[in-house]
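None of the figures in this text is laboratory data; all of them are computed from the coordinates on show. Remember, it's a predicted structure, so these values are computed and weren't measured experimentally. Note that each Cβ is placed from the backbone with ideal geometry, even for glycine, and that neighbours are counted across all protein chains shown.
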Amino acid sequence: MRYVSHTAEFRRKYREAQERTLEAIGQTSTSWIIAAAPVGEDGGGHYKSSIQYEVNLEEQKVTAYTDAHYGPYLEFGTGIYAENGQGRKDPWSYKDESGKWHTTQGMRPRRIFRVVEERVNDLVRLAQEMMRID
């Protein structure tokens, strides 16, 4: 009887399964973020369309992000509502694109990315528990 090792094939298939899983997590995460993301008052969807993800197979990590310059303001809030007390403490005024002036004390944080991250982490923990071999 001759021993035939299938270790290389197993490792290749295992790595492919890891990549498929991370891609699925990235796609699911971004679809949840996009579903929860606000649409601008003009009906534009720049923020929604800017949400993307990257998979780092070596680190076994998925990173969801937006390149919209105002993304951090939506996530963490502004003014008196900003998390960790990092916002302005006094009201301010600004002119919108139509020339109308507005006064504000800030915007509450939306926590969109972090809520989705918590949900995904819960699902990953559940999957790990279900795949555990005792």
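For Lys61, the lysines whose Cα comes closer than 26 Å to its Cα, not counting residues fewer than 8 places off in the same chain, are Lys13, Lys48. For Lys100, the aspartates and glutamates whose Cα falls under 18 Å of its own Cα, not counting residues fewer than eight places away in the same chain, are Glu41, Asp42. Working value for the chain: equivalent-ellipsoid semi-axes of 44, 16, 11 Å, each the square root of 5 times a Cα gyration tensor eigenvalue, largest first. For the stretch 46-101, GluC sites (Glu not before Pro) are listed when DSSP marks them as loop and at most 15 other Cβ atoms sit within 10 Å of their Cβ; the list is Glu58, Glu59, Glu97.
The distance separating the Cα centre of the stretch 65-80 from that of the stretch 1-56 comes to 23 Å. Axis of helix 7-36 versus longest Cα principal axis of the chain: the two differ by about 20°, to the nearest ten degrees. Packing order of peptides 21-27, 110-116, 90-96, highest average first: 110-116, 21-27, 90-96 (average count of other Cβ atoms within 10 Å over each peptide's residues).
Principal-axis analysis of the Cα atoms of the chain puts helix 112-131 at an angle of about 20° to the longest axis.
Which whole number in µm²/s is D for the stretch 1-62 by Stokes-Einstein, with the Kirkwood Rh taken over Cα pairs at 10 °C and 1.306 mPa s? This corresponds to a translational diffusion coefficient of 111 µm²/s. Identify which of Lys100, Lys61, Lys13 has the largest mean-square fluctuation in a Gaussian network model of the chain, with springs joining Cα atoms closer than 10 Å. Greatest mean-square fluctuation among the candidates belongs to Lys100.
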